[in-house]
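Report on one structure; see the data block that follows.
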Amino acid sequence: MLKQKQIAVISPFPLINIGLRYLLQVYFSAPVPALYTCAGSFLADNPEKYDIYLVSGETFVCNGDFFLPRKNRTILLTEYPCTITDHSISHLCIREEENNLVDQLQQILKPMCQRTESDSHEELSPREIEVLQLVARGCLNKEIADRLNISINTVLSHRKNITCKLGIKTVSGLSFYAMMNGYIIPSAEE
């Protein structure tokens, strides 16, 4: 399941990092995960090369602009069992017994690995993300074309690709998707 996956563990606590590395290698035969105690060094080290991120809550919150768009590949490390109703972010309680941790990791990693293998071709391109952000902000096709210095036909092509990849056809649905995945922040002013 994890033999080909590159994993990064980002937590300010070395003991947690080492423990997770041990669990991943012994129970899941994962390649040696990269360990980071500082988000800055993680972000400076080409973070896109990793398939799965195990991240402390504080690191996740402070670097939401990176992790929110990648929440389908992120596991949030929590100190207590999580009561968050947003099931799009996987969480792992670090206070569990070893057997429970292994069971939880298996439940989280199996669908995550299947999802990253089958959906990797469905990720939006950087230009499609720019178009999605402008659509979500209420821009018309002409405004998007002018802002991005592309033709209206290119905007329409990008919108068609976005709709096909996401399966969302309405502007309100695209706006909601953009907000929930961190592409735009609802309270941000331009």
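So which helices (runs of 4 or more DSSP H) are wholly in the range 135-190 and hold at least 1 residues that are surrounded by 12 or more Cβ atoms within 10 Å (Cβ to Cβ), in contact with a Leu (Cβ under 7 Å, 6 or more places away or on another chain) and touching a residue at least 24 places away in the same chain (Cβ under 8 Å)? Give the steps one after another, and end with the answer.
On the way: elements: 141-148, 152-166, 171-180.
Once the helices (runs of 4 or more DSSP H) in the range 135-190 are filtered for at least 1 residues that are surrounded by 12 or more Cβ atoms within 10 Å (Cβ to Cβ), in contact with a Leu (Cβ under 7 Å, 6 or more places away or on another chain) and touching a residue at least 24 places away in the same chain (Cβ under 8 Å), what remains is 152-166, 171-180.
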> List the pairs whose first member sits in the range 6-25 and is touching a residue at least 40 places away in the same chain (Cβ under 8 Å), whose second member is assigned to a helix (DSSP H, G or I) and open to solvent by 30 Å² or more (accessible area, probe 1.4 Å), and whose Cβ atoms are under 7 Å apart, counting only residues at least 6 apart or on separate chains?
Replying inline: GLN6/LYS49; VAL9/ARG21
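The values are calculated or read from the model by the stated rules, or taken from the named source; none is laboratory data. Small disclaimer: the values here were computed from a predicted structure and weren't measured. Neighbour counts run over all protein chains shown; Cβ positions are idealised from the backbone, glycine included. What goes into the accessible areas is simple: the full protein's heavy atoms, side chains included, and nothing from ligands, DNA or RNA. Shrake-Rupley method; radii C 1.70, N 1.55, O 1.52, S 1.80 Å.
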